[in-house]
Amino acid sequence: MEPKNIRFGGGASATVLHPLVAVELAIAIILIQCLPRKYVIVPLLLTILLTSRAQVLVLAGVHFPAARILILAALVRWAVSGGPSALAISFNAIDRVYALLAISSLSTFSLQWMQSQAFIKGLADFLDALGGYFVMRFLIQDREDITRTVKVLALVAVIMAPFMINEQITHRNLFGLLDGTTGQATSRDGQIRSQAAFAVYITAGVFGASLLPLFIWLWTSGKSKTAGCLGGVAATVITMTSHSSTPLLAYAGGIVGLCFWPLRERMRAFRWGLVLSLTAVHLAMKAPVWALIARVDLTGSSSGYHRFMLVDTCIRHFGEWWLIGVKDYNNWGFDMWDLSNQYVAFAVTGGLASLVLFILVISRGFGRLGRARKQVAGDRHREWLLWCLCAALLSHTVAYFGIGYFDQMQFAWCALLAMICAAVSEAMGSKRSAPETVRAPSSEIGSAVGWATLRESL
């Protein structure tokens with residue numbers, strides 16, 4: 001997030017496109033248009049995730065980062081394939097809430113600034129958010145697509161890990177050299193924080209940390225033990241070399257989620273227990289319960305106090321941002337322009353509606369995964385996939401307390417949501433075609449379906 005003197009163009013005033021990156025983009029665009037649909041995800045994710053956000057093409061004052069160019073190319077492919085009708089499954093609650101979130105963010109940003117440049121920037125962000133999401137939905141539609149996507153992500157992680165290790169050794173970021181910079185690695189308190197092609201080390205670390213549950217699924221499911229094992233090792237290397245608390249917490253969040261597998265039938269009791277425990281701690285503490293964020297420091301050089309102040313200041317200024325957000329939040333205190341908390345970022349820049357919609361995206365993800373797991377109870381392979389997706393979603397949920405996604409991570413997030421939608425749709429569809437395998441009483445099924453239908457309609 002940028003302070004009051006925001007640069008709507010995105011920072012670069014002229015094209016920054018290395019010849020190697022230009023060739024890479026050209027090849028990727030050709031492959032996106034020519035490959036069968038199921039293979040398009042390979043060049044798309046490889047190029048987006050391994051190309052720096054600083055690589056940008058400026059046309060008539062409008063900025064087209066590499067990722068945006070590829071999303072436009074994929075949208076053209078989707079349109080040629082039939083647009084929305086090319087989706088093998090119908091739109092669901094996650095699709096609708098995510099679309100509303102993108103619309104809300106565009107509307108509030110435009111209303112805050114009331115400038116043509118702001119509206120253009122808002123449209124660009126809208127294209128990245130909504131266009132990127134539905135491109136992933138178009139390319140990831142079944143379990144085979146999920147397996148292929150996780151393998152591609154494993155390949156990206158395996159490529160990134162050596163570059164991040166090299167940053168630790170040479171103190172040079174080779175991806176930065178392509179951007180026309182010195183490639184000097186980022187450091188804090190004497191620790192090198194590797195970032196590879198990502199904009200900051202935190203998003204780079206979160207990328208690896210959030211993928212660990214999916215790589216464990218790939219390894220344990222027998223889909224590709226080699227890719228799963230190598231991906232898991234690479235994800236760990238990426239997390240550790242970023243030297244940041246947020247990726248470490250996200251990494252731990254994914255592992256904790258997987259460890260709850262034996263208690264999967266008792267998660268409602270655990271959730272209520274967690275809520276009651278936090279309430280009790282809040283009442284017992286002299287400070288608010290969110291002050292615990294200030295105590296988080298897993299590397300010795302973390303800024304947990306800043307994260308606490310973001311949440312605390314946001315709550316105290318509720319009256320200023322609840323309607324359509326506020327653009328002068330940088331005046332609230334020291335470093336308040338740095339909205340390194342996704343929940344606070346949506347609240348402050350988009351108002352209460354955007355915050356609620358963002359939380360609903362996460363809630364709908366957990367809810368649909370939980371209902372789908374119950375529908376396929378007894379089929380451990382499908383249950384395990386859904387549970388690993390749930391653990392990956394938990395990892396992102398934890399990471400959002402320490403960073404807002406603004407680079408390649410937003411497309412990794414869209415890919416996860418698309419995988420969740422595909423897995424849930426396949427689980428629900430397969431169970432409807434084989435109702436005799438459902439073990440729950442018919443009255444319970446009818447009640448569950450009734451509530452699911454009501455919630456979907458909302």
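Observations, loosely collected:
- Of the solvent-accessible surface of the chain, computed with a 1.4 Å probe and all protein chains present, 66% belongs to carbon and sulfur.
- Cα centroid separation - region 136-203 against region 389-419, whole Å: 15 Å
- Cα convex hull of the chain - mean projected area over all directions, nm²: 22.4 nm²
- With the simple spin-label model, which puts each label point 7 Å out from Cα in the Cβ direction, the Arg172 to Leu283 separation comes to 6.1 nm.
- Placing pseudo-labels 7 Å out from each Cα toward the beta carbon at Leu298 and Cys229 gives an inter-label distance of 2.6 nm.
- Fully extending the segment from Leu274 to Asp335, taken as 0.36 nm per residue of separation minus the present Cα-Cα distance, adds 18.8 nm.
- Under the membrane-span-like helix rule (DSSP H runs whose alpha carbons stretch at least 27 Å along the helix axis, mean Kyte-Doolittle hydropathy 0.0 or higher), the chain yields 93-113, 143-170, 201-220, 342-375, 380-399, 409-432.
- With contributions of -39500 (n - 2.57) from each DSSP H run of at least four residues, the per-residue ellipticity at 222 nm computed over the chain stands at -22000 deg cm²/dmol.
- Computed extension gain for Arg96 through Thr220, at 0.36 nm per residue and net of the alpha carbon distance, reaches 41.3 nm.
- Cross-link reach list, aspartates and glutamates versus Lys374, counting only Cα pairs under 20 Å and skipping chain neighbours closer than eight places: Asp142, Glu265, Glu383, Glu426, Glu436, Glu444, Glu456
- Region 258-416, Rg to Rh (Cα coordinates; Rh as Kirkwood inverse mean 1/r): 1.00
- When only the Cβ of Lys, Arg, Asp and Glu is charged (+1, +1, -1, -1), the dipole of the chain relative to its Cα centre reaches about 980 debye.
The values are calculated or read from the model by the stated rules, or taken from the named source; none is laboratory data. Treat the numbers as computed from the prediction; the structure is a model and nothing was measured. Note that we place each Cβ from the backbone using ideal geometry, even for glycine, and neighbour counts take in every protein chain shown. Areas reflect the complete protein model, heavy atoms only, side chains present, ligands, DNA and RNA absent. Shrake-Rupley method; radii C 1.70, N 1.55, O 1.52, S 1.80 Å.
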